[in-house]
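Asker: I have a structure here, written as structure tokens, and I will follow up with some questions on it.
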Amino acid sequence: MIIKAVKFRKDGFYTQPFAFGGEEDGQYDQNIRYRGTLQNYLIDTGDEVILVDTGLPAGTPEEVPDEKSLGFTGKDICSYMDAFKALGYKPEQVTKILLTHRHSDHSGELKSFPNAKIYVNEEELDAAELKGISNIVPVKFTDGAYYNFPECQKIQDGIHYIKAKGHTKGNSIIIVELDGLFYMIHGDITYVDEALYQDKLSVVYDDRAAARVTQNRIREFIKNHPTVYLSTHSPQGYENLEAKRVMDLDNPVPTVFAAVDFSAKKATGKYVCSVCGYIYDPEQHDGVAFEDLPADWRCPRCRQPKEKFNRA
């Protein structure tokens, strides 16, 4: 069995208030920007090709961040599907997709894999991102506890799908046991590894109390098991994978801060949610410019405020 990263965006960032500020307000420095990327993961068992999440939908525009942007998903390396194919696979080879949660940077290309069964926490089934998809397997977590996590579904020997709600109501993590290590593919429990080292929640969650419980369980698990922590939004995700680097919560990996260039390309008038990828296009909203929306307007998909949007 082998795990590979499907890399499709680079050179993004997440500010300290975004990455750390979920439980405390106004105590963090927006000028501290941690490196950001976008990648999902592939598990080749030898008999099956299993994906954990499926990237942004084709055609999602790049954001155009500025000094006020709280987060930036990064610049395109290529599309998710091109990144997937560059690893040497064909869409029809994929047999299973394990979805960590509904947001479109994780679910964007679900429809591109015709032979895959898509495993989704049953609490996530009403998500707009999943409408019109027929090959979904609702996960009911019938296999009991996995170590200190109370509810799991065994996908096969060495691969467990684990309930981890908070970031979204149906958020889940995947743990792969391989060569004596536990590879934790977690979606967005944290956006940057520094947040887990310092035990901070991001500002993005459906249920803050549940997010705190989940993070406590993850930290407890990591303290007791040799865990390689595989993030979606930080290059430390694939760096940890490539180095087989076990997370030591008492000895953080030194932070490398983002190098940010704000000499932006010309914006289109569209805005993109940096959390779920929703695109606000004035042409589809009676010509109303994003800047003219009410201050309390929220993303219709993930309910995040205007400040989480970047120009595109």
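Asker: Report yes if Gly166 is on the phi > 0 side of the Ramachandran plot and at pLDDT 95 or above, otherwise no.
Answerer: Yes: the conditions hold for Gly166.
Asker: Which condition does Asp188 not pass, out of (1) in contact with a helix residue (DSSP H, G or I) (Cβ under 7 Å, 6 or more places away or on another chain); (2) closer than 14 Å to Ser107 by Cβ, if it passes all the others?
Answerer: That leaves (1) as the condition not met.
Asker: Another question about this same structure. If you scan segment 46-64, which residues turn out to be surrounded by fewer than 23 Cβ atoms within 10 Å (Cβ to Cβ) and either modelled with pLDDT under 95 or touching an Asp or Glu at 6+ places or on another chain (Cβ under 9 Å) (or both)?
Answerer: Result: Pro57, Ala58, Gly59, Thr60, Pro61, Glu62, Val64.
Asker: Regarding Lys111, is this residue closer than 21 Å to His233 by Cα and surrounded by fewer than 22 Cβ atoms within 10 Å (Cβ to Cβ)? Even if it seems obvious, please write down each step before you answer.
Answerer: Values: closer than 21 Å to His233 by Cα: no; surrounded by fewer than 22 Cβ atoms within 10 Å (Cβ to Cβ): yes.
No.
Asker: Just to verify a result, which residue in segment 261-292, among those that are modelled with pLDDT under 90 and β-branched (Val, Ile, Thr), is farthest from Glu63 (Cα to Cα)?
Answerer: By that ranking, first place goes to Val275.
Asker: Can you tell me which of (1) closer than 24 Å to Cys302 by Cβ; (2) exposed (fewer than 15 other Cβ atoms within 10 Å of the Cβ) is the one Gly144 doesn't meet?
Answerer: Unmet for Gly144, out of (1) closer than 24 Å to Cys302 by Cβ; (2) exposed (fewer than 15 other Cβ atoms within 10 Å of the Cβ): (1).
Asker: Could you check how many residues of segment 169-201 are on the phi > 0 side of the Ramachandran plot and more than 17 Å from the chain's Cα centre (by Cα)? Outline the logic, then answer.
Answerer: Taking segment 169-201 first, the residues on the phi > 0 side of the Ramachandran plot are 179-180, 187, 199.
Okay, now just the ones that are also more than 17 Å from the chain's Cα centre (by Cα), so 179-180, 199.
Adding up the residues that qualify gives 3.
Asker: If we keep just the residues of segment 202-235 that are of a type in the set (Phe, Trp, Tyr) and under 17 Å from the mean Cα position of the chain (by Cα), which is farthest from Cys302 (Cα to Cα)? Spell out how you get there, then give the answer.
Answerer: First, the residues of segment 202-235 that are of a type in the set (Phe, Trp, Tyr): 205, 221, 229.
From the residues that got through so far, the ones that are under 17 Å from the mean Cα position of the chain (by Cα) too are 205, 229.
On the way: Tyr205: 9, Tyr229: 25 Å.
This residue is Tyr229.
Asker: Same structure again: Within the group Lys75, Lys7, Lys90, which residue is out of contact with any Gly (no Cβ under 6 Å at 6 or more places or on another chain), surrounded by fewer than 16 Cβ atoms within 10 Å (Cβ to Cβ), assigned by TED's automatic domain parsing to the domain that holds Gln236 and within 22 Å of Ser231 (Cα to Cα)?
Answerer: On the way: Lys7 fails: surrounded by fewer than 16 Cβ atoms within 10 Å (Cβ to Cβ); Lys90 fails: within 22 Å of Ser231 (Cα to Cα).
Sole residue among the options that is out of contact with any Gly (no Cβ under 6 Å at 6 or more places or on another chain), surrounded by fewer than 16 Cβ atoms within 10 Å (Cβ to Cβ), assigned by TED's automatic domain parsing to the domain that holds Gln236 and within 22 Å of Ser231 (Cα to Cα): Lys75.
The values are calculated or read from the model by the stated rules, or taken from the named source; none is laboratory data. Treat the numbers as computed from the prediction; the structure is a model and nothing was measured. Because the Cβ atoms are built from the backbone with ideal geometry, glycine has one as well, and the counts that use them run over all protein chains shown.
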